1. In the stretch 106-131, how many residues are small (Gly, Ala, Ser), crowded, with 20+ Cβ neighbours inside 10 Å and assigned to a helix (DSSP H, G or I)?
2. Considering Tyr389, Tyr428, which residue is out of contact with any His (no Cβ under 9 Å at 6 or more places or on another chain), farther than 18 Å from Phe277 by Cα and in contact (Cβ under 8 Å) with a residue 40 or more places away in the chain?
3. Is there a residue in the stretch 416-424 that is surrounded by 20 or more Cβ atoms within 10 Å (Cβ to Cβ), at pLDDT below 90, assigned to a loop (DSSP other than H, G, I, E, B) and not hydroxyl-bearing (Ser, Thr, Tyr)?
4. Looking at Glu437, is it over 26 Å from Lys337 (Cα atoms) and either surrounded by 20 or more Cβ atoms within 10 Å (Cβ to Cβ) or in the same structural domain as Phe329 (by TED's automatic domain parsing) (or both)?
5. Does Ser95 qualify as being assigned by TED's automatic domain parsing to the domain that holds Leu47, among the polar types (S, T, N, Q), surrounded by fewer than 20 Cβ atoms within 10 Å (Cβ to Cβ) and assigned to a helix (DSSP H, G or I)?
6. Being surrounded by fewer than 19 Cβ atoms within 10 Å (Cβ to Cβ), closer than 17 Å to Ala426 by Cβ and assigned by TED's automatic domain parsing to the domain that holds Cys274 narrows it down to one of Lys337, Lys319, so name that one.
7. Do you know which of the residues in the stretch 134-173 that are not in a helix (DSSP H, G or I) and not charged (D, E, K, R) is surrounded by the fewest Cβ atoms within 10 Å (Cβ to Cβ)?
8. Spot the failing condition for Ser67; the list is (1) more than 23 Å from Gln225 (Cβ to Cβ); (2) at pLDDT 75 or above, and only one is missed.
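The values are calculated or read from the model by the stated rules, or taken from the named source; none is laboratory data. A quick note: this is a predicted structure, and the numbers were derived from the prediction, not measured. As a convention, Cβ positions derive from the backbone with ideal geometry for all residues, glycine included, and neighbour counts pool all protein chains shown.
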Amino acid sequence: MAREQTPSRADIARLPGERRSAAVEAALRRESVTSELARVRLLIGFLAFMVAVLALLRLVPNVINSSLRSRLLAGLPALAIVAALYLAYEINVYSWLKKLLRAERSPPAIFLYTNTLIEISLPTVALIMGVLIVGVLPSLLGAIPFIYFPFMFLTALNLDSGLCWFAGAVAGAEFLVTCFVVTRGLEVMPADVQIVGMLTSPQQYVIKCLLLIASGSIAGFVARQLRRQLTRVIATVAERDRAISIFGQHVSTEVAELLLQQSLDLTPQEGDVCVMFLDIRDFSRLANDRPPSEVMAYLNILFGFMIPAINEHHGIINKFLGDGFMAVFGAPIQDDKQCLHAVNAAMEILHHVELLNAEGRIPATRLGIGLHIGPVITGNVGGSERKEYTIIGDAVNLASRIEQATKQLGARLLVSQAVVSLISGAEYTAQDMGLMELKGQAQPVQLFKLA
């Protein structure tokens, strides 16, 4: 029995296709052990119930025929011993399975089939003891044969259709053999000839045997359906976790909820998004004058409020660029107010930096932010081992060039004509900076200063 480390949902989310399928199967095996524990608990409860029934028959005198009751009382010690042995066995199995679960192991197939054989044989043992204690007819006509059914149906919780079919075959075979053995040479009174003829008729054994086998097949069908549904659930949850993990840890609660609530297609898609580029001015000089630990603390302070600002305004940080980042609004979740949200986020960030500068909590810091909206392609880029959610298009390049133009124009926030036209009516004053030649752009771009 090999030890296997069951991957978490987050681990599954990061794996490529084939390895993710194997990880889902490993997670399913863990769920199978959990389900097996639940099945054993139910069996322990069922055995305790049967002991309680035996105690009731002993304590209450008029529940069954007095002659049968006297025979039952005579065989009660043997019945109690058998019930106690099975209870002890199931309790040990339960304890062992819990250890396996903690160690993230799964039981070997030989144990599962042996355990099923032992458990499904309990009704057969009860039937044989019933024949010895109260006689053939009360045992075959009474409630004892019905004990097979809960044992068989509970095997469905193994989530293994093969075990269920095995349980049905064992139950049918044991019942058939037991009936042939106990009714052979049965001597009866004339009044009992008709019913004994029915009971000893071979086709009756075969029909009941087939019913037990059919019950095992039904349990196997249920187990297979449960396993398929559980596999789909695990795979779906892992896929959704994978989708969220693609966007990093810095995704707003609102975006995360939307990702969980709707189907998300990560294949390449075309659409308009608002792209933000943010840069910390003179960062190289600042970094050269300070030890790395201080620079890291400084960046953590800045990003510590910038990231929530982006999140709260329905954007995501797509890439960190050392002394800045690229954020997108309108992808992967569509947003009709993406430009307004981007401008609001930029203004909030600039205001917060002003406060930190005024309080002296950070070295004198200036930012440059560029915004542009345009058509892009969004989707996964990478190999089988690693993929990244990426935005590709001229809108990305133009937003980067607009951010760089803030240095030349002495602005903190520059936006394109396309952004200004989509935030008309907002309480922002846009100063027209005229047409400007930007690197990599065939035509001059009209820029507007918001801060």
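1. Our first condition is that a residue be small (Gly, Ala, Ser); within the stretch 106-131, this holds for 106, 109, 121, 126, 130.
Pick out the ones that are also crowded, with 20+ Cβ neighbours inside 10 Å and you get 106, 126, 130.
Those left that are additionally assigned to a helix (DSSP H, G or I): 126, 130.
Result for the stretch 106-131: 2.
2. On the way: Tyr389 fails: farther than 18 Å from Phe277 by Cα.
From the options Tyr389, Tyr428, the qualifying one is Tyr428.
3. The answer is yes, given that some residue of the stretch 416-424 is surrounded by 20 or more Cβ atoms within 10 Å (Cβ to Cβ), at pLDDT below 90, assigned to a loop (DSSP other than H, G, I, E, B) and not hydroxyl-bearing (Ser, Thr, Tyr).
4. Details: over 26 Å from Lys337 (Cα atoms): yes; either surrounded by 20 or more Cβ atoms within 10 Å (Cβ to Cβ) or in the same structural domain as Phe329 (by TED's automatic domain parsing) (or both): yes.
The answer is yes for Glu437.
5. Working: assigned by TED's automatic domain parsing to the domain that holds Leu47: yes; among the polar types (S, T, N, Q): yes; surrounded by fewer than 20 Cβ atoms within 10 Å (Cβ to Cβ): yes; assigned to a helix (DSSP H, G or I): yes.
The answer is yes for Ser95.
6. Working: Lys319 fails: closer than 17 Å to Ala426 by Cβ.
After ruling out the rest, the residue left standing is Lys337.
7. Just the residues of the stretch 134-173 that are not in a helix (DSSP H, G or I), to begin with: 135, 142-143, 159-160.
Applying the additional criterion that residues be not charged (D, E, K, R) yields 135, 142-143, 159.
Details: Gly135: 16, Gly142: 15, Ala143: 11, Leu159: 26.
Out of the qualifying residues, it is Ala143.
8. Here Ser67 clears every test but (2).
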